[in-house]
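Student: Below are the structure tokens for one structure; questions will follow.
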Amino acid sequence: MSKPTGKLIRLTANDVDAYTKAESDTKIADAKKAGTDAQTTANAANTNATNANNNANGRVPNTRKVNNKALSADITITASDVGAYTKAESDTKIADAKKAGTDAQTTANTANTNATNANNNANGRVPNTRKVNNKALSADITITASDVGAYTKAEVDTKVNSAKNAANPTKRRSIWTGNVDRGGTITLPESINGKHVMVNVNGKFLSLFFCGAGTTFSESFNGWIEFEYNGDKILKNPNGSNCRVLQVMVCE
């Protein structure tokens with residue numbers, strides 16, 4: 001910079017390419033304000049960072065899982081995720097349970113009806129310990145003529161035939177002749193069980209029928225006479241009064 005000499009020279013800040021005090025003060029004030037603003041901004045940033053950290057500390061990472069589903073996106077938890085049935089599944093099972101109960105009730109009602117019928121059936125029967133002619137009904141039984149105190153057809157036929165034959169002298173067969181007084185015993189040569197027998201007592205014939213061992217027959221003939229067949233082909237005249245057996249004949 002050149003100035004004319006010989007005069008008073010006044011230089012300004014601008015002449016020396018500098019800021020005036022006022023300009024410097026203004027710039028310094030602006031710099032201070034910028035620093036203050038920066039500090040304020042920094043303080044606010046620190047506060048925000050603290051708040052952000054506090055906010056983050058109150059949250060979970062997006063890799064956290066709920067029922068094995070990551071929270072990196074929206075998730076939906078279903079009944080199966082918590083080991084439960086859906087409403088539809090529950091309704092189906094409840095319906096099945098109700099049906100099972102209804103079926104059980106039907107079965108129980110049928111069983112009760114069957115039990116009632118069985119009891120009615122049983123009430124219309126007799127116990128298997130019941131006896132007919134002393135034969136228990138616990139098994140099939142057969143009632144015979146002897147059970148009802150009757151002769152069989154064969155026995156009746158034998159008796160009838162013997163009676164018929166007794167009326168026909170030509171069919172009488174003598175099996176013993178002799179002389180046995182009262183209390184005597186006659187030993188016969190054959191069995192007379194089930195046969196019609198003619199016994200000659202004191203010259204008169206008694207018509208007798210012996211139907212089994214030990215059979216006793218009593219007849220009034222010149223006093224009381226007893227004939228007993230004991231199964232050993234023995235004919236006895238134990239108690240006769242003045243009796244004498246002379247002959248024994250079988251009617252055929």
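The values are calculated or read from the model by the stated rules, or taken from the named source; none is laboratory data. The model shown is predicted, which means the values in this text are computed figures rather than measured ones. As a convention, Cβ positions derive from the backbone with ideal geometry for all residues, glycine included, and neighbour counts pool all protein chains shown. For the accessible areas, the whole protein counts, side chains as well, though only heavy atoms, and no ligand, DNA or RNA atoms are used. Shrake-Rupley method; radii C 1.70, N 1.55, O 1.52, S 1.80 Å.
Student: Check off (1) in a loop (DSSP other than H, G, I, E, B); (2) open to solvent by 30 Å² or more (accessible area, probe 1.4 Å); (3) in contact with a Lys or Arg (Cβ under 8 Å, 6 or more places away or on another chain); (4) modelled with pLDDT under 70 for G231 and give me the number that stays unchecked.
Tutor: (3)
Student: Let me ask something else about it. Only one residue in T41, T12 is surrounded by 10 or more Cβ atoms within 10 Å (Cβ to Cβ) and not aliphatic (A, V, I, L, M), so which one is that?
Tutor: The conditions single out T41.
Student: Quick check on segment 195-217: of everything there that is open to solvent by 50 Å² or more (accessible area, probe 1.4 Å) and in a strand (DSSP E or B), which residue is modelled with the highest pLDDT?
Tutor: K195
Student: Run G178 past the list (1) open to solvent by less than 60 Å² (accessible area, probe 1.4 Å); (2) at pLDDT 80 or above; (3) touching a strand residue (DSSP E or B) at 6+ places or on another chain (Cβ under 6 Å) and report the number of the one that doesn't hold.
Tutor: (3)
Student: Of all residues in segment 144-169 being assigned to a loop (DSSP other than H, G, I, E, B) and open to solvent by 70 Å² or more (accessible area, probe 1.4 Å), which is modelled with the lowest pLDDT?
Tutor: Looking at the filtered set, the residue picked out is A167.
Student: Restricted to segment 79-120, and to residues that are open to solvent by less than 60 Å² (accessible area, probe 1.4 Å) and under 30 Å from R59 (Cβ atoms), which residue is nearest to the chain's Cα centre (by Cα)?
Tutor: A84
Student: Right, another one. Give me the pairs, please: first residue somewhere in segment 16-33 and free of Cβ contacts under 8 Å to residues at least 40 places away in the same chain, second residue anywhere and open to solvent by 90 Å² or more (accessible area, probe 1.4 Å) and hydrophobic (A, V, I, L, M, F, W, C), beta-carbon distance under 9 Å, and either six or more positions apart or on two chains.
Tutor: V16/M1
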